[in-house]
Amino acid sequence: MAKDVEMADAAAPAPAAADDQDKAPPPFDVAQGVAKNVGFVRKAVEGAQPRLLARALRNTTPIRRKCTGADLANAMRAHLPSDARVLRDAALAALGPVDVDMADADEVPDDAPVEVEVYLAFLVVAFLVREKRYEDATKLCEASLPRLRTMMRERRAVDALAAKFYFYLALCHEKLGTSHEVAATLFAAHRTAVLQHADVSAATLLNALLRGLLAANRVEAALKLVSKTDFPESASNPQFCRYLYYTGRIQALQLDYTDAHTKLMQSQRKAPATTAVGFRVEIQKLAVLVQLLMGEVPDRSSFEGFKGRALEPYLQLTRAVRRGDLPAYRACVAEHAETFDRDRTRSLVARLEQNVVKTGLRRLNVSYSRISLDDVRARLHLDSAASAEFVCAKAIKDGVIDAVIDHDNQQIRSKGVADVYSTNEPQKAFHRRIVFCLDVRNEAVKAMQYPPDTGKKKNVEEDDKEEKQTDEEIAKEIEEELGDELP
């Protein structure tokens, strides 16, 4: 009997495990999510509330990740009337033959706003891009653009939807290697968006154009585009992060390293801390190179916090530059040449060779009060003593070292190291910190948001629930915006 009692006691916790399994969240229902977002779109059109359309787009992330072709085909047939043939047939043709459920065929609405049709077509485009069917997605985007242009003349609320279509159109052409074919369309769309004050589309199109020009190595054209256009102040944070990154890359290629580093640091601070890891890695790669080209050495913490070995080649570069080791630098460039080509940073890496030589020369200048040019050539691994003399002369002229060349004895004599506190360097550093703090304060003031109807009483509970924006929804939106371009 004692054994039976012990067995009963041992088996007692089993129901608790079953209760834990019952508390697991149910799986996401794609059809229910689509129906909820379609309801938001309908309310946005009927009540002229663009915020509901923006909320529907934020809630699209789980649908985009988990939907299937059959789910989207059922949604097209369930939420669009049979006479809606403009985009419905194009979307169904792009999806191809799928198994559909005709159980809800009798519940097809008699009428549907154009926004609902365009939103469902957008879901199909996102699904095709996820499945890497870029040609079908391109055709559906091109079929949707005329309808979007007509809608934007009458309704400003579709600006966010139009921005999504233009983004996917540019992305599909980039994946297909035909970005030059869509450049004229994007330029015309950007001009129209600016004239119509469609800030969301204007910001998205400007970033798409800059991305295409940089991918084609047309840096001068990208610089001219930035100088001739203004980025909308009301654009979303993900688009502003991209714009800062692209302008930082342009300025780095144009040898304006100080402004490039400022733009990259702003983009890094505004990027999400937990999501969009690929985007933050790209920023960090470029920021490390720009900092090295400025003559500074990045901290060790700059390479931490990222999974994998994505920053390993740039860590090796930093070590070579810090030591002034020219053979190590050349070995690193030869070993990771494919990585630098894939990251499109090869030209910036090639500029670091002079910085490696200058760093090595600066170490020699601090260590020796007098050293021969032949020893300089041997320690810096240069070709000849004449090359060493030329490098030393240029370093003295640029202010890298404080020394004098003795041509008769073929030596370099270092001058005494001046006290940095007797110069204007502390004042300049303090001024840079003040400017940085003021910029952070101004950006924080601009980013402050207030309720649209402050001081007015609201008694409708539905409106209060619809206006709530959770942190999870905003995080999903940022992850979707910054994560679509990067694997």
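The values are calculated or read from the model by the stated rules, or taken from the named source; none is laboratory data. Because the structure is predicted, anything quoted here is derived from the model rather than measured. Cβ coordinates were reconstructed from backbone atoms using ideal geometry, including for glycine residues, and neighbour counts include every protein chain displayed. Protein only, heavy atoms only, side chains kept; ligands, DNA and RNA dropped before computing areas. Shrake-Rupley method; radii C 1.70, N 1.55, O 1.52, S 1.80 Å.
Worth pointing out:
- Tallying residues that are open to solvent by 10 Å² or more (accessible area, probe 1.4 Å), closer than 16 Å to Ala287 by Cβ and touching a Phe, Trp or Tyr at 6+ places or on another chain (Cβ under 6 Å) within the stretch 314-359 yields 1.
- Condition check for Leu286: in contact with a Cys (Cβ under 6 Å, 6 or more places away or on another chain) and assigned to a helix (DSSP H, G or I): no
- Single residue of the stretch 324-335 satisfying the filter (in contact (Cβ under 8 Å) with a residue 40 or more places away in the chain and out of contact with any Asp or Glu (no Cβ under 8 Å at 6 or more places or on another chain)) that is nearest to Tyr257 (Cα to Cα): Gly324
- In the set (1) at pLDDT below 75; (2) within 19 Å of Arg64 (Cβ to Cβ), Phe122 fails one condition alone, (1).
- Within the option set Ala252, Ala221, being open to solvent by 30 Å² or more (accessible area, probe 1.4 Å), over 21 Å from Ala447 (Cβ atoms), assigned to a helix (DSSP H, G or I) and at pLDDT 85 or above holds for one residue only, Ala221.
- Checking each residue of the stretch 196-206 against the condition of being without any contact (Cβ under 8 Å) to a residue 60 or more places away in the chain, over 20 Å from Ile63 (Cβ atoms) and surrounded by fewer than 16 Cβ atoms within 10 Å (Cβ to Cβ) gives at least one match.
- Filter pass, Glu46 being open to solvent by 80 Å² or more (accessible area, probe 1.4 Å), within 24 Å of Arg149 (Cβ to Cβ) and at pLDDT 65 or above: yes
- Hits in the stretch 336-346 - residues which are in contact (Cβ under 8 Å) with a residue 12 or more places away in the chain and in a helix (DSSP H, G or I): Thr339, Phe340, Asp343
- Helices (runs of 4 or more DSSP H) fully within the stretch 360-449 that include at least 2 residues being crowded, with 17+ Cβ neighbours inside 10 Å: 373-380, 385-398.
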